[in-house]
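Peer 1: Following this message is one structure expressed as structure tokens.
Readers should treat all values here as calculations from the given coordinates under stated rules, not as data from a laboratory. What you see is a predicted model; the values in this text were computed from it and never measured. With ideal geometry, Cβ positions are generated from the backbone for all residues, glycine too; neighbour counts draw on all protein chains shown.
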Amino acid sequence: MPRVLRNRLILLCVVVGLATGLIGSRLYSLQVKHHARFTERATEQHQAEYSIRSRRGALLDRHGRTLAVSLETQSLSAHPHRVANATEAADVLAGKIAMPRGQIIEQLESKKSFVYLHRFLEAETARSIERLGRSTDGQPALLDIGENRPFWFQRETKRRYPRGPVASHVIGFANIDGDAREGAEIRFDDVLQGDPTSYLELKDAKNGSIRQVVREPEKLSSDVRLTLDLSLQHLLERELDDAVRRTGAKAATAIILDPKSGQVLAMANRPTIDRSTRANRGDSRTNRAIEHYFEPGSTFKIVPMALGLETGSITPGERIYCQDGKPYRTEYGREINDVGKNGMLTPRMILAKSSNIGMVKINRRLDSETLREGILRFGFGRRTGIELPAETPGSLSAVKDWSPYTHDSLAFGQEIGATALQMASAMATIANDGVRVEPRIGLGAQDSAGGVELFEPAPAHFVVSVQTARRVRSMLEEVVEKGSGSAARLPGYRVAGKSGTAQKRAADGKGYSGTDFFASFVGFAPASDPELVVLVALDTPRGTRRQGGEIAAPVFARILAEALQYLRVPKDAEPPLAVGVPAMAQKAPADVPVAEVPTPGKVPDVRKRTLREAIATLSAHGYRVRVQGRGTVVRQTPEPGTALAPGGVCDLLAGGAG
């Protein structure tokens with residue numbers, strides 16, 4: 001063999017050998033040494049496991065009416081790296097989605113693997129965009145829409161609140177991703193939100209894919225029924241709006257509570273939130289009923305009165321000297337005054353006349369430890385136990401931290417911080433024969449078939465004896481019949497309650513303001529067998545009338561009257577037969593001028609008035625009302641000026657706008 005040929009053959013063999021060695025080395029590296037790593041990368045490229053969150057359960061009222069629900073919607077998404085011409089695509093989408101053309105281009109030219117162009121499209125908008133992805137009359141589609149294409153629709157669920165802002169502080173909300181943030185949404189999140197479903201997705205070389213379920217959810221989503229009654233909630237919010245408008249109060253709270261079960265039937269606050277905007281900041285997001293505490297003032301007097309009767313330190317028949325209009329000077333130099341001139345009063349009349357001096361003298365018969373322990377038993381100074389987040393325990397200092405004034409101040413509701421719910425719960429304890437039932441907002445979990453599994457009943461315990469509770473209940477009836485709560489009277493019902501007008505702390509924290517008050521009224525009916533406790537609290541009302549008995553009691557009465565009628569609670573008393581203008585007429589709502597009150601015993605003219613104004617006027621005169629229609633009163637029977645004793649029935653026919 002020629003030398004040149006032999007050398008070429010040797011060179012070829014060396015080259016082939018080296019190439020074979022390199023290939024073998026590379027194959028060894030790929031298939032042996034780094035086999036696991038490359039297998040993992042291949043698996044990542046062709047297989048993917050992901051989870052899809054289950055649809056969130058609905059929040060319902062006690063009768064199954066929807067308060068919050070998750071609806072399936074479509075969101076438009078895109079793979080920017082697959083979009084051939086971002087400008088043309090933006091031209092097509094501009095005006096279809098709520099995103100400016102320039103921002104669409106920016107999104108489609110980004111380096112992200114995928115982007116959301118519009119989440120939670122309305123059904124009609126989604127259909128119009130889908131039509132852009134179809135070819136028509138031989139013309140190509142304007143957008144390349146479909147799975148594994150530049151644009152695609154992703155199915156998502158959106159939380160909706162069909163009742164708008166109604167009960168917003170109680171319901172709370174879930175964010176755009178369905179994560180609970182406030183209220184009942186977050187408290188019952190473990191019931192509302194079931195486990196996700198896990199899928200395995202397999203992709204081929206052309207990006208085609210198939211999916212299969214690898215893990216079913218262990219826990220399914222359930223609906224939750226709240227104790228709220230939507231009808232009562234609407235009533236409460238309507239009257240609260242009206243009260244704020246009338247009084248100029250900067251904030252307000254109202255609660256309807258079932259004293260026997262502790263269930264909150266309605267709870268509302270003003271200011272409130274509107275979930276449709278993002279302009280909800282500060283105080284509007286606060287559930288004032290449980291997060292804001294205040295010095296309750298005279299409504300708190302039921303607590304030391306009950307404790308005095310329970311311990312035997314006072315007796316119902318004794319008489320206590322209330323200084324006959326003079327200030328009561330304490331040994332530490334403080335002067336305590338009454339609004340009126342009160343001489344010798346029984347405990348019953350001390351509560352009816354809301355005598356601060358009388359309450360201080362009763363309170364002084366209790367030692368500090370006994371007083372504080374009794375206040376704690378009533379539920380103050382600790383959280384009520386309601387299933388809502390961010391509840392405050394209020395404030396009640398330890399005895400060792402009391403000032404020389406504290407013991408006396410507690411007699412009339414100062415130097416203690418209470419929430420509206422704590423105050424309503426304390427009144428419910430008196431209404432429920434001395435048994436305190438923890439307030440509750442959750443009723444039960446409802447499955448897909450509509451079956452309801454009730455939550456555990458609320459804990460309950462005796463605070464005072466049945467005898468003591470009924471004595472205080474009788475005293476509170478006297479408050480309404482003869483005392484500061486006369487504007488809370490209801491024809492046919494025995495009503496018990498207590499007003500409060502508490503001075504607010506001065507802005508500098510030193511002493512009390514002479515202009516800012518917290519006006520409230522809390523009570524229950526029917527007093528013979530209490531079914532409802534209602535609390536109304538108005539923060540910093542403006543105008544000439546600021547007393548709780550003047551501005552909060554009438555709101556209480558309107559709420560209670562309609563709620564009792566709605567629940568068909570039987571009446572337990574005949575209307576008073578006294579001739580003359582009842583106290584409710586003397587303290588009439590702002591839009592029913594006292595000057596218009598006609599001769600006592602004759603039916604006033606309520607024609608051309610709204611039903612609310614007409615009912616308020618007739619009720620103020622002790623008449624019962626039957627209504628037909630809505631809007632403005634067009635006819636009344638008996639005719640205006642007809643002689644009719646209090647307790648008689650007036651029929652109203654309404655029609656037109658009102």
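Peer 1: Please give the net charge around GLY451, taking every other residue with its beta carbon less than 15 angstrom from that of GLY451, where Lys and Arg add +1 and Asp and Glu add -1.
Peer 2: Once positives and negatives cancel, what remains is -2.
Peer 1: Right, next: Could you give the radius of gyration (one decimal) and Dmax (whole number) of the Cα atoms in the range 231-573, in Å?
Peer 2: Computed over the Cα atoms of the range 231-573, radius of gyration and Dmax are 19.4, 69 Å.
Peer 1: Right, here's the next one. Of all alpha-carbon pairs in the range 480-535, indicate the percentage at a distance above 19 angstrom.
Peer 2: Roughly 42 percent, rounded to a whole number.
Peer 1: Does the range 116-178 come out rounded, prolate or oblate, given a ≥ b ≥ c as the square roots of the eigenvalues of its C-alpha gyration tensor, rounded meaning a/c under 1.5 and, failing that, prolate meaning a/b above b/c?
Peer 2: It is prolate, given that a/c is not under 1.5 and a/b is the larger ratio.
Peer 1: Give, in nm to one decimal, the length gained when the segment between HIS63 and THR311 is fully stretched (0.36 nm per residue of separation minus the Cα-Cα distance).
Peer 2: 85.0 nm
Peer 1: Still on this model: Net charge around LEU143, counting only other residues with Cβ within less than 13 Å of its Cβ (Lys, Arg = +1; Asp, Glu = -1)?
Peer 2: With Lys, Arg at +1 and Asp, Glu at -1, the net is +1.
Peer 1: In addition: Given the C-alpha centroids of the range 384-398 and the range 527-560, what is the distance between them in whole angstrom?
Peer 2: Their Cα centres are 23 Å away from one another.
Peer 1: Quick one: Karplus J couplings for the range 68-77, per residue in order, coefficients 6.51, -1.76, 1.60, θ = phi - 60°, nearest Hz, x for Gly and Pro?
Peer 2: Values, residue by residue: 8, 8, 9, 10, 7, 9, 10, 10, 8, 10 Hz.
Peer 1: Amide H to amide H, which residues 5 or more places from LYS504 or on other chains are under 5 Å from it, using H placed in the peptide plane?
Peer 2: Correct list: SER513, ASP516, PHE517, PHE518.
Peer 1: When the helices in the chain are scored as -39500 (n - 2.57) per DSSP H run of 4 or longer and the sum is shared across all residues, what 222 nm value do you end up with, to the nearest 500 deg cm²/dmol?
Peer 2: Helix-only estimate at 222 nm: -8500 deg cm²/dmol.
Peer 1: On to the next question. Taking every DSSP beta bridge with both residues inside the chain, roughly what % is antiparallel (nearest 5)?
Peer 2: Close to 90 percent.
Peer 1: Quick one: 3J(HN,Hα) in Hz for the range 157-166, Karplus 6.51/-1.76/1.60 with θ = phi - 60°, rounded, Gly and Pro as x.
Peer 2: With the stated coefficients, the range 157-166 comes to 10, 10, 7, 10, 10, x, 8, x, x, 4 Hz.
Peer 1: Could you run the Debye sum over the Cα atoms of the chain, one equal point scatterer each and no solvent, and tell me log10 of I(q)/I(0) at q = 0.05, 0.12 Å⁻¹, two decimals?
Peer 2: Each listed q corresponds, in turn, to -0.37, -1.22.
Peer 1: Along the range 490-498, what does the Karplus equation 6.51 cos²θ - 1.76 cosθ + 1.60 (θ = phi - 60°) give for ³J(HN,Hα), rounded to whole Hz, x for Gly and Pro?
Peer 2: Here the 3J(HN,Hα) series is 10, x, x, 10, 7, 10, 10, x, 8 Hz.
Peer 1: Counting only residues 5 or more places away or on other chains, whose amide H sits under 5 Å from the amide H of GLN263 once H atoms are built in the peptide plane?
Peer 2: ASP258, ARG440
Peer 1: I'd like the FRET efficiency for VAL214 and ASP177, computed as 1/(1 + (r/R0)^6) with the beta carbon distance as r and R0 of 22 Å, rounded to 0.05. Intermediate results must be reported in sequence, preceding the final value.
Peer 2: Numbers: r = 23 Å, r/R0 = 1.05.
Calculated transfer efficiency: 0.45.
Peer 1: A further question on this structure: How far is it, in nm, from the label point at HIS81 to the one at ASP137 when both lie 7 Å from their Cα along the line to the Cβ?
Peer 2: A separation of 3.8 nm, rounded to one decimal place.
Peer 1: Using only the alpha-carbon atoms, how far is helix 3-28 inclined from the longest principal axis of the chain? Give it as 0 to 90 degrees, nearest 10.
Peer 2: 20
Peer 1: Let me ask you something else. For the range 231-573, give the magnitude of the charge dipole about the Cα centre (Cβ charges: +1 Lys/Arg, -1 Asp/Glu; no others), in debye to the nearest 20.
Peer 2: Dipole of the range 231-573, to the nearest 20 debye: 900 debye.
Peer 1: Aspartates and glutamates near LYS510 by alpha-carbon distance under 16 Å, same-chain residues fewer than 8 away left out - which ones?
Peer 2: Result set, ordered by chain and number: GLU295, GLU415.
Peer 1: Toward the positive end of the charge dipole of the range 8-157, about the Cα centre and with charges on Cβ (Lys, Arg +1; Asp, Glu -1), which of LEU117, TYR28, PHE153 goes farthest?
Peer 2: TYR28
Peer 1: Right, next: Quick query: amide H of ARG215 versus all other amide H atoms, modeled in the peptide plane; which residues come in under 5 Å with a sequence gap of 5 or more or a different chain?
Peer 2: Amide H neighbours of ARG215, under 5 Å, 5+ apart: SER198.
Peer 1: Under Stokes-Einstein, with the Kirkwood radius over Cα pairs standing in for Rh, what whole-number D in µm²/s applies to the range 513-573 at 4 °C and 1.567 mPa s? Don't skip to the end; give the middle numbers.
Peer 2: Numbers: Rh = 12.6 Å.
Translational D for this selection: 103 µm²/s.
Peer 1: Here is a follow-up. Students often get this wrong: which residues of the range 351-368 have the backbone nitrogen under 18 Å from the point 7 angstrom along Cα-to-C-beta of THR330?
Peer 2: Inside the label zone: 355-368.
Peer 1: Give the peptides 422-431, 250-259, 108-117 in descending order of average Cβ contacts within 10 Å, highest first.
Peer 2: Per-residue mean Cβ counts within 10 Å order the peptides as 422-431, 250-259, 108-117.
Peer 1: One quarter of the convex hull surface, Cα atoms only: what value does that give for the range 284-339 in nm²?
Peer 2: 6.8
Peer 1: How are the Cα pair distances of the range 454-572 distributed, in percent, across 10 Å bins from 0?
Peer 2: Calculated over all Cα pairs of the range 454-572, the distribution is 14, 36, 30, 17, 4, 0 percent.
Peer 1: Going down the table (LYS250/LYS498; LYS353/LYS504; LYS260/LYS361; LYS301/LYS341), which pairs top 27 Å between alpha carbons?
Peer 2: In this structure, LYS260/LYS361 exceed 27 Å between Cα atoms.
Peer 1: Could you give the size of the charge dipole of the range 436-516 about its Cα centre, using +1 on the Cβ of each K and R and -1 on the Cβ of each D and E, expressed in debye and rounded to the nearest 20?
Peer 2: 540
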